[in-house]
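Everything on this sheet refers to the single structure shown next.
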Amino acid sequence: MHTRSRSLSRRPPWWGWLLIGLGSAGLAVTLLGLIAGAWLFAGSLPKKTDNATCTQRLGAECEDITPEAIGKTLQMTLPPGTIVEFSLYESFQDWHLETIFVVPADQVTVWEESLSGYDEPTSVGCRKLEDRGTDRRCAEAGSLEEQPYRRYTRVTQDDGSVAVWGEAFTT
């Protein structure tokens with residue numbers, strides 16, 4: 001006569017099934033967390049493109065943007081010798097570019113001739129570059145309805161060069 005071992009045929013109690021279920025759920029959540037963490041880490045590694053160095057997670061964030069790309073976005077010419085001191089491009093559903101650059105004194109006329117798409121410069125309501133001088137002038141182009149909206153503030157420096165803060169964005 002064959003008898004079954006009592007320990008092999010016994011089922012776990014209800015709380016045993018609960019512990020097994022919770023353990024499985026915890027393992028699944030941990031695995032998903034590791035996958036998401038790896039995805040975020042991989043997206044945070046800078047990638048060099050022709051126009052900038054970018055990271056990409058849910059949107060893009062770029063620095064070290066070339067003068068050519070800045071000029072195209074702001075719809076102005078950044079002549080040879082222009083030094084980009086700061087540049088940041090961010091995008092998700094909309095995009096935003098902010099930059100500070102210096103146009104050499106012998107190229108200011110070339111830069112000014114490229115500003116025909118902007119309103120006439122004024123000294124009222126100028127943003128940024130407060131520490132660069134008092135002769136700040138600014139202008140804008142486009143509108144929140146006519147996008148992209150673009151604006152700049154300029155300050156002539158002691159050596160005749162022009163420091164420019166520029167911004168362009170969509171909403």
- prompt: When averaged across all projection directions, what area in nm² does the alpha-carbon convex hull of the stretch 48-169 cover?
  reply: 7.8
query: How far apart, in nm, are two points set 7 Å out from the Cα along the Cα-to-Cβ line at GLU112 and at VAL124?
result: 2.2
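Only the coordinates and a few stated rules stand behind these numbers; no lab work does. Here the structure is a predicted model, which is why all the values come from computation and not from measurement. Note that each Cβ is placed from the backbone with ideal geometry, even for glycine, and that neighbours are counted across all protein chains shown.
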